[in-house]
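This report concerns only the one structure given below.
The values are calculated or read from the model by the stated rules, or taken from the named source; none is laboratory data. Treat the numbers as computed from the prediction; the structure is a model and nothing was measured. Cβ sites come from the backbone with ideal geometry, for glycine too, and all protein chains shown count toward neighbours.
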Amino acid sequence: MREKIKELFAEIEDFKADTKENVEHFRINLLSKKGKISVLFDEFKTLGPEMKKEVGQRLNELKNKAQEKLDSLKEKFGNNDTSIAADTDHTMPGELTAIGSRHPVSIVRNQIIEIFSRLGFTVSDGPEMEDDWHNFSALNFPENHPARDMQDTFFIDDENKISLRTHTSSVQVRVMENSKPPIRTISPGRVYRNEAISARAHCFFHQVEGLYIDKNVSFADLKQALLYFSKEMFGPETEIRLRPSYFPFTEPSAEMDISCPFCSGKGCNICKGSGWVEILGCGMVDPSVLENSKIDSSKYSGYAFGMGIERVTMLKYQVNDLRLFSENDLRFLEQFKSAI
């Protein structure tokens, strides 16, 4: 054993390499799992106790010596091998690296959050599978309301009334239950409706719903917030109008239109010649909704609004087919690189 170690010390000392291949041969011959040094370590296990201390120390010195030699050879050939560099034309233009882009729905979602954050709104999140209370009952949906029908809702557990949420208003209920006014929050997220897929509808889409509750909140506060949002999202020339409507959880309720961004309100095929396009629903929070969440409706009032992110995205980027947002066609998605 001692003689073998002595011979390998001499072999390491005398070894000279001319190429990287010689260096790799040196590594395999001495330091690989089946190399000479590994074989000596296997033999070391069979030695008697009286020899192990001396031979073990020499074996470790041998292995360190071989590793130092290998490192120095690698450094030598790594720094001085110019065979590749000699064949490279450094005046050639570099290869372009393909850069990904955010999804257009994500771009608009972030813009909506950023705009409302300037007005003091925080972001709230909640589960996509909801119980009947948070998805319907707390929001003033009667037992026989059409939205509870199987044609509109994906039910997960009919017995326990668990379903995929149909709107992110369920998040607002959870916020009201666990917070005290003043409350100023928006709830972006994915929602689900049992609808036929077409250019204008899908079985899943994304919403942003907003909620503001405090003392003396009025419809004028709602109008100013939505006017600010519209001008920031679609341009300073954008105008809005509010039309009376109905939602179970707001009273009074309204639909909001913006002046058509395609024709600037002059009338086109997108707005069907009216100069206006619908963008969201809104209204003052119904007092019964406040009471359901243990908020005193005689002391506090509030407004709420909700919009489809895909709807805003289609208007902002003039996309005419909702299905494009979920088909993952790179030819479509790559158009939004400049929008990041």
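Given the conditions (1) free of Cβ contacts under 8 Å to residues at least 60 places away in the same chain; (2) buried (at least 20 other Cβ atoms within 10 Å of the Cβ); (3) aliphatic (A, V, I, L, M), report the number of the one that LEU139 does not fulfil.
(1)
Is it the case, given these coordinates, that ASP71 is charged (D, E, K, R), modelled with pLDDT of 85 or more and part of a helix (DSSP H, G or I)?
Taking the combined requirement at face value, the residue satisfies it.
I'd like the full set of residues that are more than 30 Å from the chain's Cα centre (by Cα) and of a type in the set (Gly, Ala, Ser), limited to the range 252-282.
Those that are more than 30 Å from the chain's Cα centre (by Cα) and of a type in the set (Gly, Ala, Ser): SER253, ALA254, SER259, SER264, GLY265, GLY267, GLY273, SER274, GLY275.
Output yes when any residue across the range 79-91 is at pLDDT 80 or above and of a type in the set (A, V, I, L, M, F, W, C), and no when none is.
no
Give me the pairs: first residue in the range 292-305 and over 12 Å from GLU177 (Cα atoms), second residue of a type in the set (Phe, Trp, Tyr), beta-carbon distance under 8 Å, and six or more apart or on different chains, which are they?
Final answer for the pair search is GLY302/TYR212; TYR303/TYR212; TYR303/PHE219; ALA304/TYR212; ALA304/PHE249.
From the list LYS337, LYS299, exactly one residue is at negative phi, charged (D, E, K, R) and touching a Gly at 6+ places or on another chain (Cβ under 9 Å). Which is it?
LYS337
Here are the criteria: (1) over 30 Å from the mean Cα position of the chain (by Cα); (2) modelled with pLDDT under 95. Tell me which single one VAL191 does not satisfy.
So the condition that VAL191 fails would be (1).
Can you tell which of ILE107, ILE5, ILE12, ILE99 is out of contact with any strand residue (DSSP E or B) (no Cβ under 6 Å at 6 or more places or on another chain), of a type in the set (Val, Ile, Thr), in contact (Cβ under 8 Å) with a residue 24 or more places away in the chain and surrounded by fewer than 15 Cβ atoms within 10 Å (Cβ to Cβ)?
Just a single option satisfies the conditions, and that option is ILE99.
In the range 27-60, what residues are in contact (Cβ under 8 Å) with a residue 24 or more places away in the chain and over 22 Å from ALA17 (Cβ atoms)?
Across the range 27-60, the qualifying residues are LEU40, GLU43, PHE44, LEU47, MET51, VAL55, ARG58, LEU59.
Which of (1) at pLDDT 80 or above; (2) outside any helix (DSSP H, G or I); (3) closer than 30 Å to VAL191 by Cα is the odd one out, the single condition GLY100 does not satisfy?
The single condition GLY100 does not satisfy is (1).
What are the residues in the range 141-161 that are in a helix (DSSP H, G or I) and not charged (D, E, K, R), if any?
PRO146, ALA147
Kindly indicate whether ILE112 is in a strand (DSSP E or B) and in contact (Cβ under 8 Å) with a residue 24 or more places away in the chain.
Answer is no for this residue.
For the range 121-128, check the following and say yes or no: at least one residue is over 30 Å from VAL175 (Cβ atoms) and modelled with pLDDT of 80 or more.
Within the range 121-128, not a single residue is over 30 Å from VAL175 (Cβ atoms) and modelled with pLDDT of 80 or more.
Give the residues of the range 119-136 that are part of a loop (DSSP other than H, G, I, E, B) and touching a residue at least 24 places away in the same chain (Cβ under 8 Å), sorted by residue number.
Matches in the range 119-136: LEU119, GLY120, PHE121, SER124, ASP125, GLY126, PRO127, GLU128.
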